[in-house]
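One structure is given here, and the rest of the page talks about it.
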């Protein structure tokens, strides 16, 4: 799927459990439609700019550092009412699909970390 100002990473990175998109919305632009999902929840992370977000008819201001979680049935849209691009990341995953939390799912392995020295890194460039 292609959309101006949006880069979907699922196929590029061969993601198997979620979709991630990088988004840049120019000033005075807005989402082209209100939408919701059948099964997927979304997490929006604003990394630059300011705007407004709307969920189920309630509008609130967003800006750098804002994090918004929307359930599948939440009707959502956003707009950039600022003077610079509104840049945000969207992570989309099936609601209630997490089986284990990060600390429960992680497994410590016995391999030792070996970091290259600064000289080795320079030689590899």
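The values are calculated or read from the model by the stated rules, or taken from the named source; none is laboratory data. Everything numeric in this text was worked out from a predicted model, so none of it was measured. We place every Cβ from the backbone using ideal geometry, glycine too, and count neighbours over all the protein chains shown.
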Strands (runs of 3 or more DSSP E) contained in segment 1-81 and holding at least 1 residues farther than 16 Å from residue 93 by Cβ
6-8, 19-25, 40-48, 50-55, 58-63, 76-79
Among the numbered criteria (1) assigned to a loop (DSSP other than H, G, I, E, B); (2) under 17 Å from residue 18 (Cβ atoms), which one does residue 84 miss?
(2)
Would you say residue 89 is under 15 Å from the mean Cα position of the chain (by Cα), surrounded by 17 or more Cβ atoms within 10 Å (Cβ to Cβ) and modelled with pLDDT of 95 or more?
no
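This table checks each residue for (1) surrounded by 10 or more Cβ atoms within 10 Å (Cβ to Cβ); (2) modelled with pLDDT of 95 or more; (3) farther than 16 Å from residue 25 by Cα; (4) out of contact with any strand residue (DSSP E or B) (no Cβ under 7 Å at 6 or more places or on another chain).
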residue: 64; (1), (2), (3), (4): yes, yes, no, no
residue: 73; (1), (2), (3), (4): yes, yes, yes, yes
residue: 79; (1), (2), (3), (4): yes, yes, no, no
residue: 97; (1), (2), (3), (4): yes, no, yes, yes
residue: 105; (1), (2), (3), (4): no, no, yes, yes
residue: 109; (1), (2), (3), (4): no, no, yes, yes
In segment 1-50, what count of residues is obtained for those that are on the phi > 0 side of the Ramachandran plot and out of contact with any strand residue (DSSP E or B) (no Cβ under 9 Å at 6 or more places or on another chain)?
1
